[in-house]
Structures are given as C-alpha cells and as structure tokens.
1. Figure the gain on full extension for TYR346 and THR90 (residue separation times 0.36 nm, minus the Cα-Cα span) and round it to one decimal in nm.
2. Taking 2.2 N^0.38 Å as the expected size of a compact globular protein, what ratio does the Cα radius of gyration of the stretch 196-278 give against it, to two decimals?
3. I need the per residue convex hull volume for the chain, using only the alpha carbons, in cubic angstrom as a whole number.
4. Going out from 0 in 10 Å bins, what whole percent of all Cα-Cα distances in the stretch 283-353 drops into each bin?
5. With a cap of 11 neighbouring Cβ atoms within 10 Å, and only residues DSSP puts in a loop, list the trypsin sites (Lys or Arg not before Pro) found in the stretch 153-221.
6. If I stretch the segment between ARG318 and LYS180 completely, what's the gain in nm (0.36 nm per residue apart, minus their alpha carbon distance), one decimal?
7. Express as a percent, rounded to the nearest 5, the fraction of DSSP beta bridges in the chain (both residues included) that run antiparallel.
8. For the stretch 109-141 and the stretch 292-329, compute the distance between their C-alpha centroids and round to whole Å.
Amino acid sequence: MRYLKWDETLFKNENVFDPDYLPEVLLHRGMQLTALAANLRPALRNSAPIHTLLFGPPATGKTSAIRTIFSELKEYGICTVYIRCPLVATAYKVMARIFECVCNHQPPQTGVSITRLYDSICSKLAEDGKVLVVALDDLNFLEADVANEILYILLKAHEEYAVKIGIVAAATERVMLDMKTGAIFHPDEIYFPLYDESEIRDILRQRVKLGFYDGAMTDEAFDRIVELTAKVCDLRFGIYLLRMAGIEAENRASRRVEVKDVEIVYEGGTKVFLAKSISALNSDERETLKIIYSIKGDVNSGDVFKILKSEVNMSYTRFYEIINKLERLRLIDVVMGRKGKGRTRYIIKKYDPRVMLKALMEY
Ligand SMILES: Nc1ncnc2c1ncn2[C@@H]1O[C@H](COP(=O)(O)OP(=O)(O)O)[C@@H](O)[C@H]1O
Ligand SMILES: [Mg+2]
C-alpha cells in the first residue's frame with residue numbers, strides 16, 4: 001500500500017491556489033490598474049509620483065494590483081518598497097524596512113533614532129538621484145497614530161530633502177488623519193468594488209484553467225463553488241474551495257471534482273476561513289458577532305444593542321461602527337426594514353450560525 005501516490009493528481013499547478021499567487025492577468029481590474037500606473041508613471045521620468053489610496057473591501061484585488069504595477073516599476077529600475085503594515089506595526093520598523101531596501105543593508109540593531117534612519121534613506125536617494133515608491137498595504141490595520149506618524153515622516157521628505165517619494169496606500173477602511181498629516185496627504189483615490197457573480201465566475205474559471213488538468217473540474221462542482229463564493233462575496237474563499245475540493249476528490253481517488261467534494265469541504269472550509277476573519281476583530285466586535293449569531297430568526301439591531309449593553313458598556317455610536325465593520329468584512333448583511341411605525345435595521349446572517357458560533361468558540 002502506498003500512501004502518497006502522486007501519479008494521479010488532478011492538479012496541473014497547485015501553486016495557483018496559494019494565497020500569494022499573482023496571476024499574469026488581473027481580470028476586471030483594467031481601470032484600476034491603468035489609473036494606478038498613470039499615478040506612478042512620473043517616476044519613470046524621475047518626477048514625483050502621485051500619492052494614491054487604493055480603497056475597497058477585502059479580496060477585491062488591491063494587493064494584487066500593487067504587486068502587478070510594482071513588478072513593472074522594478075523592471076524600469078525604480079526603487080520600490082512593499083510593506084504589509086499589520087506585520088510591521090511600528091513607525092520604526094517601517095523605516096527600518098525602507099532603509100534595508102534603499103541602502104541594501106540592515107540598519108544597526110540599536111541606538112539609531114527614526115530620524116537618523118530617515119536621514120540615511122534620503123541621503124542615499126538624493127545621491128543616487130532615485131525616486132522611491134512605498135506601498136503601505138492594509139494601512140488601516142495600524143493604530144491611527146502610527147499610520148499618521150509614518151505618513152507624515154515620508155511626506156516631509158519632499159520638503160526637507162528634496163527627494164521624490166510616492167506613497168501607495170491600500171485600505172479597507174478609512175484611516176483617520178490628524179491635522180498635521182491631513183494637511184499634506186491628499187492621495188488620489190482608486191476604488192476597488194466587490195466583484196459580482198459573473199466576475200467571480202471569470203476569475204475562478206481562470207484559476208481552474210491554470211491549476212487543474214482539463215476536465216478535472218465538473219461544471220456542476222464549479223457552479224456550486226461560484227455560488228458559494230458569491231454568497232459570501234469573497235474570492236479568497238472561492239480559491240480556497242477550488243483547491244480543497246480538488247484534494248478531496250484526489251483523496252477518494254476520483255478523476256473529477258464533483259459537487260459532493262465541494263459540499264464536504266464547505267463546512268470545514270468555512271470554519272477555517274471564518275477563523276481568519278475573526279482574527280481581525282477585537283473582543284467587543286467578536287461579542288457583537290456572537291450575539292447576532294445566537295439570536296434565532298430575524299435579528300433586529302436594537303435587540304442586539306440591548307443585549308450587548310447589558311454585558312459591556314458601549315455607546316450607540318461605537319455599536320454602529322461595529323455593525324458597519326462586520327458588514328464590511330461580510331460577516332453580516334444589514335437591511336432597512338419596517339417595525340411598527342418606525343424604520344429599523346435588520347441584520348442578516350451570512351453564514352450557517354452553527355459554523356459561525358463554533359468558529360467563534362474555537363478562536
Ligand atoms: N482581478 C483578479 N483576477 C484574478 N485574481 C484576483 C483578482 N482580484 C483578486 N484576485 C485574487 O483574489 C485574492 C485576493 O486578492 P488581493 O489582491 O489579495 O485582494 P485585497 O488586497 O483587495 O484584499 C488573491 O488570491 C488574488 O490572486
Ligand atoms: Mg490586500
């Protein structure tokens with residue numbers, strides 16, 4: 001008996017389903033790519049790029065767009081630094097990353113102030129006569145004061161050192177700028193809307209073609225994955241389901257992925273997938289989500305607030321913000337409805353409550 005028989009795989013290229021796989025063509029993002037390229041093109045003439053904010057819900061292609069345009073910039077010899085903000089978290093670390101890229105060596109471990117680091121970065125840029133483009137991806141995951149500090153330092157470069165730096169920030173939520181930073185940071189905004197079902201279909205179809213052998217994915221299984229993806233509106237989930245369903249089919253030694261494979265991986269997959277979204281929430285936000293998913297039937301936002309208020313001290317404004325965030329992360333939908341004389345907000349659960357509560361419990 002051989003446990004790892006890999007001569008019968010359904011996958012032509014399984015890497016296509018990796019979270020950081022970058023397809024050669026980003027479907028349905030022509031407008032956004034053209035706009036971003038136009039803002040950064042001045043760098044090729046050694047002029048200052050236009051600061052840009054890529055704004056839109058998760059999994060709408062913001063990171064992929066940055067990586068696509070950055071790889072072209074690199075081909076032209078432009079100095080680019082890509083920073084995934086949640087991993088970095090302090091202004092010093094961001095500056096250290098930029099230092100590393102620009103100066104080609106690590107900054108000294110201790111005893112160097114952020115201003116000194118910045119001095120070195122700018123002197124090197126001035127000396128080489130180079131433009132620098134910095135991507136601050138998922139900027140809204142930083143504490144607001146950290147985000148402001150980073151932006152401020154980077155933006156002052158232009159004035160103080162006469163070097164040219166372009167910033168490309170990506171965010172799923174607005175970053176509150178303080179007065180000082182707000183006065184000098186006016187990025188051009190490029191919006192990344194959610195993909196609709198037919199766009200999701202095209203994008204997943206492209207992945208199937210690249211990742212599976214011809215005929216390995218039945219139309220029925222594919223349709224089911226598109227439907228499930230459109231329901232939660234998250235491409236990452238779809239790409240994940242494609243891969244897991246493929247593995248499931250292989251495990252039962254089938255030559256084709258069928259609907260039953262999709263159904264089997266769906267529940268387990270949802271839980272893993274939800275765990276990731278839940279990790280982006282703080283404890284109040286998780287509590288709110290738990291209350292919503294514990295209520296049977298229609299959920300009225302007023303009822304949720306009442307329960308929540310009896311447990312934690314929370315203002316209505318804060319509650320409102322939380323509901324908006326949960327909606328943006330597509331963990332719930334909010335619709336307006338009538339209740340008696342007035343209008344009220346109803347909350348719709350997007351996932352199976354059993355699966356959501358389990359994921360919350362295991363967090
Ligand atoms: N237009 C697209 N064409 C192909 N794949 C895409 C497209 N947009 C997003 N994806 C894929 O969806 C996933 C999420 O995209 P990503 O760029 O990380 O989104 P965001 O940064 O907006 O959260 C990635 O696996 C990415 O490859
Ligand atoms: Mg991203």
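Rule-based calculations on the coordinates, nothing more; no lab input. Remember, predicted model here, so these are calculated numbers, not experimental data. Methodologically, a virtual Cβ is constructed for each residue, glycine included, from the backbone with ideal geometry; neighbour enumeration extends over all protein chains shown.
1. Between TYR346 and THR90, full extension yields an extra 88.3 nm.
2. On the way: Rg = 11.8 Å, N = 83, 2.2 N^0.38 = 11.8 Å.
So the Cα radius of gyration is 1.00 times the expected 2.2 N^0.38 Å.
3. Values: hull volume 70.5 nm³, N = 363.
Roughly 194 Å³ of hull volume per residue.
4. Pair shares across the bins are 19, 59, 21, 0.
5. On the way: sites: LYS156, LYS164, ARG174, LYS180, ARG201, ARG205, ARG207, LYS209; in loops: LYS164, ARG174.
Answer by residue number: ARG174.
6. The span from ARG318 to LYS180 would gain 47.1 nm if fully extended.
7. Working: 11 of 31 bridges.
Of all bridge pairs located within the chain, approximately 35 percent are antiparallel.
8. Distance between centres, Cα-based: 42 Å.
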